[in-house]
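Asker: For reference, the structure I am asking about is given below.
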Amino acid sequence: MAVTVTQAPGTAPPGVVPSSWSLALRQLQFWLTNYRRTWRGSIYSSVLNPVLFLGAIGLGLGSLVNADGTARLGGVSYPAFLAPGLLAAAAMETAVGESTYPVYGSVKWNKVYQAAVASPLRPLDIFHGHVLFVTLRLTMNCAIFLAVAAAFGAVRSPWMIAALPVAVLTGLAFATPIEAWAVTRTRDTSFTMIFRFFMIPLFLFSGTFFPITQLPGWLQPVAYLTPLWHGVSLCRALNLGTADLGQVAIDVGYLAALATAGLLAGNRSYRRRLYV
């Protein structure tokens with residue numbers, strides 16, 4: 001009597017080792033399932049935050065800036081100057097938030113990573129799956145921000161749509177290195193240092209609210225080295241229609257190099273932490 005073996009959906013045939021890509025997608029499915037239950041808690045950061053910033057600063061403070069003249073802003077209105085900077089800064093904020101406590105909690109609190117590594121998933125698959133989830137979160141938040149900016153009349157050029165992948169890349173330039181570091185932490189107290197002495201200064205002094213040329217001369221080179229400045233600069237150039245091939249190559253190359261370095265570091269740190 002012949003016995004028919006039915007293959008479970010989503011599993012590889014017997015004797016076939018699943019690819020790294022398919023295993024990373026399985027970890028991504030976990031994060032999507034978890035987010036489906038918790039997405040309401042992210043409404044503020046995804047929707048209300050850009051509305052409040054663009055309304056209060058872009059229109060409120062912007063009316064004072066515009067009244068005093070916009071020569072130092074290149075002759076553009078303050079909302080059009082501000083919106084691309086806030087887009088890149090929002091990507092940074094999302095990336096830092098998604099790559100600190102969720103990673104630490106998966107190791108220390110709910111033991112999600114320990115459960116995953118007991119399955120056929122490897123540490124690299126677990127890391128790459130979470131990076132894919134962060135990429136989706138960045139894409140969603142940045143797309144919402146672009147829609148809000150357009151509603152406020154802050155979008156000047158159709159090239160602004162190209163700022164979406166630039167903002168996502170800006171977020172990944174923060175997410176992958178921080179996640180590679182966060183998985184090694186045994187206490188969460190150091191995360192407050194990241195928010196207070198890293199993210200907030202970058203938010204304020206990387207060209208988001210005013211041109212870098214307004215900073216003291218000794219501080220300007222420091223600002224130019226920050227990944228947020230490259231994201232802000234390119235997003236703003238796309239919105240104003242002033243981007244050139246050289247600037248695109250430098251900014252994208254810088255951000256991609258940081259994101260790639262973070263991926264390589266994360267491959268190593270996840271393997272060391274989860275293979276015990």
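The values are calculated or read from the model by the stated rules, or taken from the named source; none is laboratory data. Just so it is clear, the model here is predicted, and its values are computed rather than measured. When we count neighbours, we look across all protein chains shown, and the Cβ atoms used for this are built from the backbone with ideal geometry, even at glycine. The accessibility values were calculated without ligands, DNA or RNA, using every heavy atom of the protein model including side chains. Shrake-Rupley method; radii C 1.70, N 1.55, O 1.52, S 1.80 Å.
Asker: From Cα coordinates alone, what are the radius of gyration and Dmax values for region 109-167 in angstrom?
Answerer: That works out to 17.5, 51 Å for Rg and Dmax.
Asker: Can I ask one more? Report the accessible area of VAL222, computed with a 1.4 Å probe over the heavy atoms of all protein chains in place, in Å² rounded to the nearest 10.
Answerer: 80
Asker: Same structure again: Could you calculate the contour length gain from TYR101 to PHE195, that is, 0.36 nm times the residue separation minus the distance between their Cα atoms, to one decimal place in nm?
Answerer: Length gained between TYR101 and PHE195: 32.7 nm.
Asker: Taking only C-alpha pairs under 8 Å that are 6+ residues apart, what is the relative contact order of region 164-276 in percent?
Answerer: Contact order relative to length: 51 percent.
Asker: Just want to confirm a number: the relative contact order over the chain, from Cα pairs under 8 angstrom separated by 6+ residues, in percent.
Answerer: The value is 27 percent.
Asker: How big is region 142-195 by Rg and Dmax over its Cα atoms, in Å?
Answerer: 16.1, 47
Asker: On the first, second and third principal axes, largest extent first, how far apart are the outermost C-alpha atoms of region 215-258 in Å?
Answerer: Principal extents (Cα only, largest first): 28, 25, 15 Å.
Asker: Which value, in debye to the nearest 20, gives the size of the charge dipole of region 53-139 about its Cα centre, when Lys and Arg are +1 and Asp and Glu are -1 at the Cβ?
Answerer: 260
Asker: Now a separate question. Over the Cα atoms of region 130-249, what Rg and Dmax result, in angstrom?
Answerer: 15.7, 47
Asker: Step by step: find N for region 77-135, compute 2.2 N^0.38 Å, then divide the Cα radius of gyration by it. What's the final number?
Answerer: 1.57
Asker: Still on this structure, please answer the following. Taking 1 over the mean of 1/r across every pair of different Cα atoms in region 38-183, what Kirkwood radius in Å do you get?
Answerer: 16.7
Asker: I'd like the per residue volume of the convex hull spanned by the Cα atoms of the chain, given in cubic angstrom.
Answerer: Convex hull of Cα atoms, per residue: 165 Å³.
Asker: In addition: For the chain, what does -39500 (n - 2.57) per DSSP helix run (n ≥ 4), summed and divided by total residues, give at 222 nm, in deg cm²/dmol to the nearest 500?
Answerer: Rounded to the nearest 500, it is -20500 deg cm²/dmol.
Asker: Scaled to the compact-protein estimate 2.2 N^0.38 Å, what is the alpha-carbon radius of gyration of region 38-114, rounded to two decimal places?
Answerer: Working it through for region 38-114, the quotient is 1.55.
Asker: Something else: Helix 163-182 versus the longest principal axis of the chain: what is the Cα-based angle in degrees, 0 to 90, to the nearest 10?
Answerer: 60
Asker: Pull out the extension gain between TYR275 and ALA143, defined as 0.36 nm times the separation in residues minus the alpha carbon to alpha carbon distance; nm, one decimal.
Answerer: 43.8 nm
Asker: For every other residue with a beta carbon closer than 11 angstrom to the beta carbon of PRO102, add +1 if it is Lys or Arg and -1 if Asp or Glu, then tell me the sum.
Answerer: -1
Asker: Apply the Debye scattering formula to region 180-276, with a single equal point scatterer on each alpha-carbon and no solvent, then give log10 I(q)/I(0) at q = 0.13, 0.17, 0.18, 0.24 Å⁻¹.
Answerer: Debye output, listed in q order: -0.61, -0.90, -0.96, -1.23.
Asker: Suppose R0 equals 30 Å. What FRET efficiency, 1/(1 + (r/R0)^6) with r the Cβ-Cβ distance, do TYR35 and SER157 give to the nearest 0.05?
Answerer: Efficiency for this residue pair is about 0.40.
Asker: Among TRP21, TRP159, TRP31, which one moves the most in a GNM of the chain with springs linking Cα atoms closer than 10 Å?
Answerer: Most flexible of the set in this elastic network: TRP21.
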